[in-house]
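Novice: This is the structure I want to talk about, given as structure tokens.
Just so you know, all these numbers are worked out from the coordinates, no wet-lab data involved. As the structure is a computational prediction, the values presented were derived from the model and not from experiment. Here the Cβ positions follow ideal geometry from the backbone for every residue, glycine too, while neighbour counts run over all protein chains shown.
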Amino acid sequence: MSEEVQIDQEVYDRLIAEGKSERIARAKAKAAGVRKAKEASGEKLGPRSAEELAAKAAPAAAAAGGDTGEGGGVATMAPPAAKAGNGNGGGRLSPEERAARVAASLGKGGEAASIGVPAASAHTHRMLALVPPAGIQQVKTEQEDKVYTWPHLLLVEFVALLAMGSFVLLVSFFLDAPLGSLANANEVPAINKAPWYFMGLQELLRYFHPMVAGVTLPGVAIVLLMAAPYVDKNPSAQPENRKTANLAFTFFMVFWGVLVIIGSFIRGAGYEWVWPWVNGLGFVL
Amino acid sequence: MAKLSLPKPPSGDELKASVQDNVIWRSIFRPGSIYRKGYRDTSRDRALASMNNVLYHLHPVKVKRHGLKLTYTYCLGGMSFFLFVLLTITGIFLMFFYTPAAGAGTELAYLNMRELSASVTFGNLVRNMHRWGAHLMVFTVFLHMARVFYHGAYKAPREFNWVVGVILLLLTLLLSFTGYLLPWDQLALWAVTVGTNMMGYTPVFGDQVQFVLLGGLEIGPATLLRWYVLHVLFIPFVTVVFLAVHFWRIRKDGGISGPL
């Protein structure tokens, strides 16, 4: 700043009287002083029109040797007609054109909203659209502690695969899968059980009407399970912050596990309660 | 007679060049593949090894370091998928020897099972692997679900993938249950009877549900054929679709959850 700006004392006093802080009053009074000084020297106030700006910018750009072709921060190509026709300083939009474009992109004037391309444009596709990063995928700004998939992860996976494969092979080598006698619809076996993962349901069937045990309860359990992430709004994943959720899930799993164990091991002929060390294990996998 | 001189055998490098420097090899392995340029243990080649690999569908070039810890995932999801693949392979083998026929007096399904165990090379072993693998898969899928829950890994942005996971759990149970009937022995028949009787209690259209599932009023040859097709074709197909979505969403939702 070359010259000291005179503050407008009148404005300053008024603002202080209105209860504004000293700092704000001084700043506003200073601005008023500048305005007054400009008016006195005949300068125009307020935002300049596009034509005026272009006229001002053209000599500067020519001097710099640049072309004034695609100017400004408009991300779309101007419609060819507008570009060729108006010639108002290197593709800049007049305030009216800009307003029309904004209106078109917001879907005003009865046209469908289109970001980037004016609805009346000859272009059938958008040249560029704004897509928030979150709309594509999760983007993290900070670097995470990462390792290369090859060799680190793939080696772990390969070893796990070998271990599981050998385990299944070994078990299958020593244990034969059961095969009973030919199916006979007229001969109900003494011990009549579902596969182990349905034994919880079969055990419930002992206590409730089949509609409740076989349809309602499992249906409710599945819906609750699917709804879990939408019900549990707690953003924390720390075990100490989500005791209720962990307790509920543990209860659910233990409840289910106990039913499966009872049904599988402590139910014998006629689905009666028998101890496996008394009547033998009534369970076939 | 002049001594016959054998042509000198090509050196290892020459052999390698003649195998790798031709249009077929170059069409199989893309530019940048470690099978074209050789592998040196550099960051660049580690990245290229992932990028030029079909496993790029499953894994990104880099993964979070904490995800490697065995005690974080216990490899349960991967093991479930491996068992699914193992069951597909052993299942295809079993299909060569199995006929889903159970008409009175021509119970080929059961007879095939007996023959498979008695006189097919590795038949019994592969059937055992299929059976134990199936039970194991149900178990690992359950454990996988528990692991994900206790890590709070279903929270945003992974809510939907949890839902897909629950669907996959149900599909696993259905796969296992439909397979349970196929040996057509007493065990199969009556275990399935218990299960399908429960479905008959579905409100409003219980009878219709049961009829569609059994292909009749009670379990018979029609049921066996129906469940066979469900077991070897329909449910695996649906499962593969959901698996694809499940794996894709893992990557889209930012890889493995955590660290805690």
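Novice: If each residue of separation counts as 0.36 nm, what is the full-extension length gain between B:Thr99 and B:Arg40 once their alpha-carbon separation is subtracted?
Specialist: Stretched fully, the B:Thr99-B:Arg40 segment lengthens by 16.1 nm.
Novice: Here's a follow-up. Residues of B:201-207, mean number of Cβ from any other protein chain within 10 Å of their own Cβ, rounded to a whole number?
Specialist: Across B:201-207, the average partner-chain Cβ count within 10 Å equals 3.
Novice: Could you work out the helix-only [θ] at 222 nm for chain B, with each DSSP H run of four or more residues adding -39,500 (n - 2.57) and the total divided by the number of residues, to the nearest 500 deg cm²/dmol?
Specialist: Rounded to the nearest 500, it is -20000 deg cm²/dmol.
Novice: A further question on this structure: Based on the mean of other Cβ atoms within 10 Å per residue, sort peptides B:9-16, A:273-280, B:221-228, A:196-203 so the most packed one is first.
Specialist: A:196-203, B:221-228, A:273-280, B:9-16
Novice: Ranking request for peptides A:96-103, B:127-134: highest mean number of other beta-carbon atoms within 10 Å first, then the rest in descending order.
Specialist: Ranking the peptides A:96-103, B:127-134 by packing returns B:127-134, A:96-103.
Novice: Considering every residue in A:250-258, what mean count of other chain Cβ atoms within 10 Å of its Cβ is obtained?
Specialist: Per residue, the average neighbour count from other chains is 1.
Novice: Now for a different question. Please give the peptides B:155-164, A:33-42, B:49-58 ranked by average Cβ packing (other Cβ atoms within 10 Å per residue), highest first, as a rough proxy for protection.
Specialist: B:155-164, B:49-58, A:33-42
Novice: Hey, with R₀ at 30 Å, roughly what FRET efficiency would A:Arg35 and A:Ala99 work out to, going by the Cβ-Cβ distance, to 0.05?
Specialist: 0.65
Novice: Then there is this: So which of B:Lys16/B:Lys37; B:Lys16/B:Lys62; A:Lys233/B:Lys64; B:Lys155/B:Lys252; A:Lys146/A:Lys233; B:Lys64/B:Lys252 end up more than 22 Å apart by C-alpha?
Specialist: Pairs exceeding the cut-off: B:Lys16/B:Lys62; A:Lys233/B:Lys64; A:Lys146/A:Lys233.
Novice: Using a 10 Å cut-off around each Cβ of peptide A:225-233, what is the average number of partner chain Cβ atoms that fall inside?
Specialist: Per-residue shielding by partner chains comes out at 6.
Novice: While we're here: If one takes the longest principal axis of the Cα atoms in chain B, at what angle in degrees, from 0 to 90 and to the nearest 10, does the Cα axis of helix B:159-181 lie?
Specialist: For helix B:159-181, the angle is close to 70 degrees.
Novice: Can you tell me, using C-alpha contacts under 8 Å and at least 6 residues apart, the relative contact order of chain B as a whole percent?
Specialist: Across chain B, relative contact order equals 19 percent.
Novice: So, counting K/R as plus one and D/E as minus one, what does the shell of residues with Cβ under 14 Å around A:Leu225 add up to?
Specialist: That works out to -2.
Novice: Okay, next question. Which value in nm describes the separation of the simple spin-label points at B:Leu233 and B:Val85, placed 7 Å from the Cα toward the beta carbon?
Specialist: Between B:Leu233 and B:Val85, the label points sit 2.6 nm apart.
Novice: At what distance in angstrom do the alpha carbon centres of the range B:106-156 and the range A:194-233 lie from each other?
Specialist: For the range B:106-156 versus the range A:194-233, the Cα centre distance is 23 Å.
Novice: Can you give the FRET efficiency to the nearest 0.05 for B:Asn52 and B:Phe242, using r as the Cβ-Cβ distance and R₀ = 30 Å?
Specialist: Result of the calculation: an efficiency of 0.60.
Novice: Just grab the label-to-label distance for B:Asp207 and B:Lys16, each label 7 Å out from Cα along the Cβ direction, in nm (one decimal).
Specialist: The answer from the label model is 7.5 nm.
Novice: Let me ask something else about it. Excluding A:Gly42 itself, what net charge comes from residues whose Cβ is under 15 Å from its Cβ, given Lys and Arg +1 and Asp and Glu -1?
Specialist: So the surrounding residues net to +2.
Novice: What FRET efficiency comes out for B:Phe122 versus A:Phe167 if R0 is 22 angstrom and r is the Cβ-Cβ distance? Round to the nearest 0.05.
Specialist: So, using R0 = 22 Å, E works out to roughly 0.80.
Novice: Another one. What is the spin-label model distance, in nm, from A:Phe174 to B:Leu111 if the labels are put 7 Å beyond Cα along the C-beta direction?
Specialist: 3.6
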